[in-house]
Amino acid sequence: MPGHSHQHHGGHGHHHHHIDPEAGDWRVGGAIAVNLALTLAQIVGGLVSGSLALIADALHNLSDAVSLGIALAARRIARRPADAEMTFGYGRAEVVAALVNYTTLILIGLYLGYEAIARIFAPEPVIGWIMIWVAGLALVVDLVTAALTYAMSRDSVNIRAAFAHNLADALGSVAVIVAGVAVLVFGWVWVDPAVTLAIAGYILWMSLGQIGGVIRILMLGAPPDLDTAAVLDHLRGIDGVASVHHVHLWQMQENTPALDAHVAVPQGRWGEADAIKARVKRALGERYGIGHVTLEMECAAHACDGACAIGHG
């Protein structure tokens, strides 16, 4: 029985356009620097003004800088070629970084929610004009950071997680400005913790919505944009395929779907096994964009007995 066969379509090079060597690193580095400077300004402003919302924004900005630092490190690690220790390569470093970032955001959201609720029941004086000036500065930095990372976020779950941090922060800065105006004009101190609660709610909603896709990749789930049943039906309909079993469909990295399977060749057609294998790989690549395919060819007369279509159960 012939062993495994791989088809890489150019060594996956076109799948990794989001981690091209050095591409975008200066943008991420610049974003880290401005966010660290802003965090310091916001903490000072929050302590002087007594604004919890400003402190909340500062904490989130610090997490922005940390998340961008993790993203930058992951990008650099992901470029390392496969070796004897990591035979699949290091591409998933970006997915792990995204998981760390979203988990951090969820913890920050929970903490801010707790602090806001406590402040609602025990209000403290707030200086509105300091809130407005510092939050205005924060909004400018947030928009600069967003501009630096937006283009990269479309192709990388890692950078997208860092961009999500930043987007939430920009909205938080707008909310703090609104709270500062409310305190300054109307004396509504309660608006400060209320805005903090809204920021926390948004952070949790956004993070919990995104973290599932990251976990799916790490759990070797099928790509969400591919219908596994449809892929199986298509495989079974290819000329020369008697049956398929032990199918695994997963994502090696965010944009790299992969499949391995046992393919049974009808009796009397074993001489066509190589041609059938090539036909299957070509069909998977052209129809579903699956570039990493590993097939074990079997003669139908000696195929695995009672094998399930999916998995190895």
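The values are calculated or read from the model by the stated rules, or taken from the named source; none is laboratory data. These numbers were taken from a predicted model, which means no experiment stands behind them. Don't worry about glycine lacking a Cβ; one is built from the backbone with ideal geometry, like all the others, and counts go over all protein chains shown. Each accessible area value is taken on the protein alone, full model and side chains, heavy atoms only, with ligands, DNA and RNA left out. Shrake-Rupley method; radii C 1.70, N 1.55, O 1.52, S 1.80 Å.
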How far is helix 25-49 tilted off the main Cα axis of the chain, in degrees rounded to 10, range 0 to 90? 30
Would you please name the chymotrypsin sites (Phe, Trp or Tyr not before Pro) within the stretch 60-109 that are DSSP coil residues with at most 12 other C-beta atoms within 10 Å of their C-beta? F88
The percentage of the accessible area of the chain (probe 1.4 Å, all protein chains present) made up of carbon and sulfur atoms, to the nearest whole number, is 67
For the stretch 42-148, listing GluC sites (Glu not before Pro) in a DSSP loop whose Cβ sees at most 15 other Cβ atoms within 10 Å gives E85
Among S243, S207, S156, determine the one that fluctuates most according to a GNM of the chain built with springs between C-alpha atoms less than 10 Å apart. S243
So for the stretch 223-305, Kirkwood radius off the Cα pairs, Stokes-Einstein at 10 °C and 1.306 mPa s: how many µm² s⁻¹? 123
Where the stretch 216-313 is the region considered: accessible area per residue in Å², 1.4 Å probe: 45
Take the Cα pairs of the stretch 93-251, get the Kirkwood Rh, then feed it into Stokes-Einstein at 10 °C and 1.306 mPa s and tell me D in µm²/s. 86
Give the Cα extents of the chain along the principal axes, in whole Å, largest first. 87, 38, 30
Between L47 and L218, take the C-beta separation as r, use R0 = 51 Å, and let me know the FRET efficiency to the nearest 0.05. 0.85
At most 14 other Cβ atoms within 10 Å and a DSSP loop assignment: could you name the trypsin sites (Lys or Arg not before Pro) in the stretch 93-197 that fit? R154
Hey, got the dipole for the stretch 87-191? About the Cα centre, +1 on K and R Cβ, -1 on D and E Cβ, debye to the nearest 20? 140
Whole-Hz Karplus couplings 3J(HN,Hα) for the stretch 116-132, θ = phi - 60° and coefficients 6.51, -1.76, 1.60, Gly and Pro as x, run 5, 4, 4, 5, 4, 7, 9, x, 10, x, 9, 9, x, 5, 5, 4, 5
